[in-house]
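Okay, so here's the structure we're looking at.
The values are calculated or read from the model by the stated rules, or taken from the named source; none is laboratory data. Note that the structure is predicted; figures quoted are calculated from it, not measured. Every residue, glycine as well, gets a Cβ built from its backbone with ideal geometry; the counts of neighbours run over all protein chains shown. The accessibility values were calculated without ligands, DNA or RNA, using every heavy atom of the protein model including side chains. Shrake-Rupley method; radii C 1.70, N 1.55, O 1.52, S 1.80 Å.
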Amino acid sequence: MTTTQPQANEPANPLLGPWATPHDSPPFAAIRPEHFRPAFDRAMADHVAEVEAIAATPDSPSFNNTIAALERSGQPLTRVSAVFRALAGAHTNDALMAIERDMAPLLAAHRNRIHLHDGLYARIKALWDRRAELGLTGEQARVLERYAVTFRRAGAGLPQATRARIAAIGERLAELGTAFSQNVLADEQAYALVLEGEADMAGLSEGARAAAKAAAEERGLPGKHAITLARSSVEPFLQSSARRDLREKTYAAWIARGQSGGVTDNRAIIAETLALRSERAKLLGYPTFAHYRLEDAMAKTPEAVAALLDGVWAKARVRAEEDRDALQALAQAEGGNFALAAWDWRYYAEKLRKARCDIDAAELAPYLALENMISAAFDVAHRLFGLSFREVHDVPVWHPDVRVWEVSGPQGRLEGLFFGDYFARSSKRSGAWMTTLRTQDKLAQDKLDGEVRPLVVNVMNFAKASSGEPVLLSFDDARTLFHEFGHALHALLSDVTFPMISCTNVPTDFVELPSQLYEHWLEEPEVLRRFARHCRTGAPMPEDLLRRLIAARTFNQGFATVEYVGSAFVDLEFHRQAEVGPDPAAFEAGVLERIGMPAEIGMRHRSPHFLHVFAGGGYAAGYYSYMWSEVLDADTFEAFRETGDAFDPATAARLRDAILSAGGSRDAEELYKAFRGRLPTPDALMRKRGLAEAAG
Ligand SMILES: [Zn+2]
């Protein structure tokens, strides 16, 4: 790996390396916010110099002097950006947020400078036009294709004035995305509902109390109980609080994030973002942003996405409406003289789940200790892929809560490092995600330093327990842990040569396959028998509870499907209209009315805090991706089922070779067919969600 050396008169900047740390991991203890700006400036300048040199190469373009050279360029910038991204998401502060605001448009301009570089594109285009004669390997051909597509889709080759406008739009969108994300975080940091005494805690489960106590501690209110707007705080409260007024109050604050009316209000940002995305798509020759975005996804067209969502929607809504009537009846039977509202659903659904499936969150909780669920996720990876995990304490981390494991393969080779950052805190944005501090590649294999192994991070927002108490998860939390760990495996098992196609560099509607697939193993009885052990006694989960838990897996799936698909429809419609207009909230309401969204179910993410879509835009016109990938993951898991063994070694080996280690080395459909021999239909998904038999 190349490193940028400091000038003699300049104090060493730890971000620019070299890093004398175990596994060349970032020296977090030495990194301060003021290091980032000079490191970014230097790394960007070096990258530009490298790229200009490639463009100015006197030799005619070859794969090696152009594409491979580009793949080798910009390594310091990649490193600095990865460290910054990790901190900005998981442990930010005012200084880092200011740098994030400053850097977003500068980094967008830097990307534009490369993607819209005439001389560079001419070389890539010349190679692409002669691709059949170049004698490329499969991987090389794919990397060349990705360069040609990426540059074309960025606007390369268009007239100068058009490129200038596209560049300006990109820079403005980067500013808007950063502001959107920071506004949501600000609204989340600003809110805490302090529960005063037992009356405010009526009905609260042990888990919800522990979460509220930990949240208060984290906010500097030791000994108190508080509800914050983190999902891990709000959801247990909405599920168990008997105080309807407080449920309403909390729910209202939760869905108002990004829509406070003050300086953190995101509605104008949404309107401007949508208008700019639409304008850019038209400049690039597409009727709408959705057409532009989906062309490079597995789905290919907005119509294909709409067809999938429509197909699921009707049955899910029927199921949700049946459940609503049952919940309403339950509320009335308890003397509740009101029409069920969105802040009531989770509360009565818990009661209905108890009545129908005989499952009680409080009965389950002691069996889902965080420590045991981490062990379960590791053990499944051991059984499927022969991976072993050893916790280490000498690798620098960004917060004392972060843990690190060395991951080794079946022959003992080091596959990478896995970082787990599990607990909610106010310096962390909400949600759960996987990120990398370094991705796998084999560019250096011709040198003595060999292959670059990945540094992979999982970030969660679990409620921390009070000191001395075990951390207990809900089943949804445990599923999130398995989900993100599935993404981590995709990065850890990556085995390709070029960064462009390494790890999770695949379409977003394919990238959720490894993660959602991994969730299936959490529900395997033999996994639960071994790891779902009582946090105090160590006793395994009683067989009868285990049976009830698995039988309850399709409970409330109408609700889960409707809240998700409602958000996916709004995202799609936002981006497949030529114009949305100045009032995105009214547009959102219009979409929900048209699809017949039940009033008692809120969207999974309302637009003003829809980070997937408006913070950077990775999932813009792409929120459907989870369901598209679910078609794949349900069908993939059935491949295991068909063998009669959820850990079938041959199927696991095929999964590893065809999908998990392959990165983006082939088109996503080809990757899937290499595993399954055919493409999937939505049937397995409908069975998984228990919607196959629903009317509608
Ligand atoms: Zn995911």
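The table for this structure:
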{"quantity": "Accessible-area ranking of SER60, SER607, largest first, probe 1.4 Å", "calculated": "SER60, SER607"}
{"quantity": "With every protein chain in place, segment 605-696: carbon and sulfur % of accessible area (1.4 Å)", "calculated": "50 percent"}
{"quantity": "Per-selection Kirkwood Rh - segment 574-696 (Cα, Å, 1 d.p.)", "calculated": "17.5 Å"}
{"quantity": "Net length gained if the chain between LYS249 and ARG547 were fully extended (0.36 nm per residue, minus Cα distance)", "calculated": "103.6 nm"}
{"quantity": "At R0 = 30 Å, FRET efficiency that the Cβ-Cβ distance of ALA674 and ASP310 yields, to 0.05", "calculated": "0.50"}
{"quantity": "Apportionment of accessible area to carbon and sulfur, segment 346-420, percent (1.4 Å)", "calculated": "47 percent"}
{"quantity": "Value of Rg/Rh across segment 494-607 [Cα atoms, Kirkwood radius]", "calculated": "1.13"}
{"quantity": "Spacing of the two label points (7 Å from each Cα toward its C-beta) at VAL392 and ASP59, in nm", "calculated": "3.7 nm"}
{"quantity": "C-alpha center-to-center spacing [segment 90-104, segment 574-648] in angstrom", "calculated": "28 Å"}
{"quantity": "Potential extension, ALA275-GLN411 segment - 0.36 nm per residue separation minus Cα distance", "calculated": "43.6 nm"}
{"quantity": "Residue-level accessible surface for GLU519, protein heavy atoms, 1.4 Å, Å²", "calculated": "40 Å²"}
{"quantity": "Mean accessible surface per residue for the chain, computed with a 1.4 Å probe while every protein chain stays in place, in Å²", "calculated": "39 Å²"}
{"quantity": "Of every Cα-Cα pair in the chain, the percent that sits beyond 44 Å", "calculated": "20 percent"}
{"quantity": "Cα centroid of segment 486-504 to Cα centroid of segment 207-280, whole Å", "calculated": "34 Å"}
{"quantity": "Portion, in percent, of the accessible area of segment 442-573 that falls on carbon or sulfur, probe 1.4 Å", "calculated": "50 percent"}
{"quantity": "Shape call, segment 552-633: gyration tensor on alpha carbons, a/c limit 1.5", "calculated": "oblate"}
{"quantity": "Calculated FRET efficiency for the pair GLN160/ASP129, C-beta based, R₀ 22 Å, to 0.05", "calculated": "0.50"}
{"quantity": "Solvent-accessible area of SER278 with every protein chain in place, 1.4 Å probe, in Å² to the nearest 10", "calculated": "10 Å²"}
{"quantity": "Centre separation in Å (Cα based) which lies between segment 344-415 and segment 141-163", "calculated": "42 Å"}
{"quantity": "ASP245 accessible area, 1.4 Å probe, all protein chains in place, Å² to nearest 10", "calculated": "80 Å²"}
{"quantity": "Net length gained if the chain between ASP657 and GLU638 were fully extended (0.36 nm per residue, minus Cα distance)", "calculated": "5.0 nm"}
